Structure formats: C-alpha cells, structure tokens
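This report concerns only the one structure given below.
The values are calculated or read from the model by the stated rules, or taken from the named source; none is laboratory data. Predicted model, so just to flag it, every value in this text is computed and none were measured. Reconstructed Cβ throughout: ideal geometry from the backbone, glycine too, with neighbour counts over all protein chains shown.
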Amino acid sequence: MSAIQQYYELYRRSTIGITLVESLDNLITEGKIEPQLAIMILNSFDKSINNNLKEMNVNNTIGKQTASANANNNKVTIQGDLHTYRFCDEVWTLIIKNCLLKLENGNLRSEEITADTTENPDLELKCDKLRIVACSAKKQGE
C-alpha cells in the first residue's frame with residue numbers, strides 16, 4: 001500500500017476554493033454525489049493548486065517586508081506595519097496593517113497599459129490589513 005501524499009489545504013479558503021466547497025455541499029445535499037467523492041475532489045483540488053504554483057517557479061523572498069517573484073520579471077513590494085506574525089506547523093502567518101503594495105510594470109500586460117499607466121507603469125494598492133500565509137515548498141514529511 002502506497003503512502004498518501006498530503007498537500008496544503010490553504011487554497012480552500014480562496015474564492016475559488018470556497019466556491020468549490022459550496023458547490024460540493026449543494027451536490028451532497030441534493031443527493032447527486034457521495035461525500036467520499038467530494039473529499040476526493042477536494043484532495044485533487046489541493047494537489048492541482050499546489051503543483052501548479054510549484055511549476056510556476058515562483059521564488060518568493062520575504063525580507064524587510066519586501067516580496068519579489070521571478071516569474072515573468074514580476075516584482076511586488078510590500079510596505080506597512082507588521083502587526084502580528086506567527087509560525088506554527090511549518091506555516092508562517094504575517095498580518096500587515098496600513099499596507100502599500102507596489103506592483104512594478106512587469107505585472108502589467110500590454111493590453112492593460114493605457115494613457116494613465118504609461119506615465120507611471122507601476123500600480124500601487126493601499127489596504128488597511130493584509131494577511132500573508134507562507135508555507136515550505138518541500139513536501140510534508142521530507
């Protein structure tokens with residue numbers, strides 16, 4: 001018997017994950033699928049999300065409240081007040097308040113560039129609170 005591969009279930013709390021869970025709940029309630037099938041679908045969702053993000057070859061580094069990604073020359077800079085940080089079960093959770101996210105022009109596609117963005121191709125977003133959840137890229141148990 002082979003060992004069952006475990007994947008992070010974090011992405012179930014994303015918009016698409018919540019929608020999937022609600023849809024599966026409705027199908028179970030209506031008697032169209034069995035709960036065991038819903039569990040298999042959720043496990044497949046976890047595996048797909050984790051594997052696809054890994055394949056994107058995103059190399060995130062967080063230091064001095066700055067995150068940088070090497071995929072397609074994208075760069076995100078995060079500035080703000082670190083309110084809370086937690087490390088539990090190999091998962092970092094950071095809460096940043098009064099946050100400014102700066103997306104450098106590598107994130108903008110050519111169809112997104114307008115007269116307004118050509119003068120300042122960087123995009124800045126402000127938010128009151130940002131939560132970052134970071135997990136090890138290694139498979140659990142390695």
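The table that follows gives values for the structure above.
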read-out	value
Region 101-126, residues that are part of a strand (DSSP E or B) and either surrounded by 14 or more Cβ atoms within 10 Å (Cβ to Cβ) or modelled with pLDDT under 80 (or both)	101, 102, 103, 123
Restricting region 79-91 to residues that are assigned to a strand (DSSP E or B) and modelled with pLDDT under 90, the residue that is nearest to residue 135 (Cα to Cα)	91
Qualifying residue in region 57-65 (condition: touching a Leu at 6+ places or on another chain (Cβ under 7 Å), at pLDDT below 70 and either in a helix (DSSP H, G or I) or within 21 Å of residue 132 (Cβ to Cβ) (or both))	yes
